[in-house]
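Before any comments, here is the structure.
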Amino acid sequence: MGDTDEPLRGYTVGVTAERKAEELASLLERRGAGVLRAPAMHTIPLPADGELAESTARVLAAEVDYVVVTTGMGFRGWMEAADASGDGDALRARLSRAALLARGAKARGAVRGAGLRETWSAPSEETREVLDYLLARDLRGRRVVVQVHGEPMPWFRQRLAEAGAEVLAVTVYRWTDPLEPEKLDGLIDEVIAGRVHALTFTSAPAARNLLGRAERTGRLDRLRAALHDGVLLGCVGPVTAAPLREAGLSCVLPERARNTSLVRTLAERLPSAS
């Protein structure tokens, strides 16, 4: 359908992101794609004076041994909330004496942006790899801080606790349904009708919630059939892809977890799949 300058001309691509959706849509449009934007979830920052403040106080109460940084956005939000409450310097000092473990490049960038330095970064950017790194060490009596982003990660925390660690969870954001669910419903209908050639995902909650919304509205079987029938699913990284793969759906991933790389991958794969 497309040409070399606009390889996605003639294709319709759904964008499920909330954050940086405009950037992703613009990248796709410059490649010639028609874009349908429908956020599949909404991110809510927790009040700095509530649960997040209590978690920060627990971290500051005693030395910590390991800090798991799961997302760049979440870690930056934590630092910003601590700065706003006057705890920023104390928190950075506390974390600087711990081993900081980053789940990938974005988390690593946020750590460095806070004036800190990571001890280790997961090459695959997968949470399971971070868990394996920790479980290879003696965690008995160790205090492990896990910066959680939206999901409580109970399996991760339970494995650490079973290994003898004291686990301190720090939740910075929660995810809810999108503010305009009718847009997501419209995107699902367009996919079912065969008018969408690809869907893009930049977060696991968006992937999970699109399937969940279809199930709650009685359209999951039809959506799954449509997705299996030639719709290309593009995910920015393996963590984002996990809910889709768990549902038995195939997806493509770029070599680097970046929107530009994701669009490049779609531009290469969509014409060849036609």
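So here's what we get for this one:
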{"item": "Estimated dipole of the range 180-265 in Debye, rounded to 20 [Cβ of Lys and Arg +1, of Asp and Glu -1, Cα centre]", "result": "240 debye"}
{"item": "Percent RCO, i.e. relative contact order, over the chain, from Cα pairs under 8 Å lying at least 6 residues apart", "result": "21 percent"}
{"item": "Kirkwood hydrodynamic radius over Cα pairs of the range 44-176, then Stokes diffusion coefficient at 10 °C and 1.306 mPa s, in µm²/s", "result": "110 µm²/s"}
{"item": "Amide N of the range 164-183 lying under 13 Å from the label point, which is placed 7 angstrom from the Cα of residue 42 along Cα→Cβ", "result": "174-183"}
{"item": "Options 214, 102, 248, ranked by Cα towards positive dipole end of the chain, top entry (Cβ charges)", "result": "102"}
{"item": "Anisotropy class of the chain from Cα gyration tensor, a/c 1.5 cut", "result": "prolate"}
{"item": "Cut-off 13 Å between beta-carbons: net charge of the residues surrounding residue 256, Lys and Arg +1, Asp and Glu -1", "result": "+1"}
{"item": "Cβ charges +1 (Lys, Arg) and -1 (Asp, Glu), total dipole of the chain, debye", "result": "500 debye"}
{"item": "Cα centroid separation, the range 2-65 to the range 167-185 (Å)", "result": "11 Å"}
{"item": "Sites matching GluC sites (Glu not before Pro) across the range 55-123 that sit in DSSP coil, with at most 11 neighbouring C-beta atoms within 10 Å", "result": "63"}
{"item": "Trypsin sites (Lys or Arg not before Pro) restricted to DSSP loop in the range 1-73 with at most 16 other C-beta within 10 Å", "result": "9, 19, 20"}
{"item": "Within-12-Å neighbourhood charge of residue 75 [Cβ basis; K, R +1; D, E -1]", "result": "+4"}
{"item": "Relative contact order (%) - the range 44-176, alpha-carbon pairs under 8 angstrom, separation at least six", "result": "32 percent"}
{"item": "Loop-located trypsin sites (Lys or Arg not before Pro) in the range 102-177, at most 14 other Cβ atoms within 10 Å (DSSP)", "result": "117, 137, 140"}
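Taken together, the values in this text are just the output of simple stated rules run on the coordinates, not laboratory data. Note that the coordinates shown come from a computational prediction; the quantities given were computed from them, not determined experimentally. Cβ: placed from backbone, ideal geometry, glycine included. Neighbour counts: every protein chain shown.
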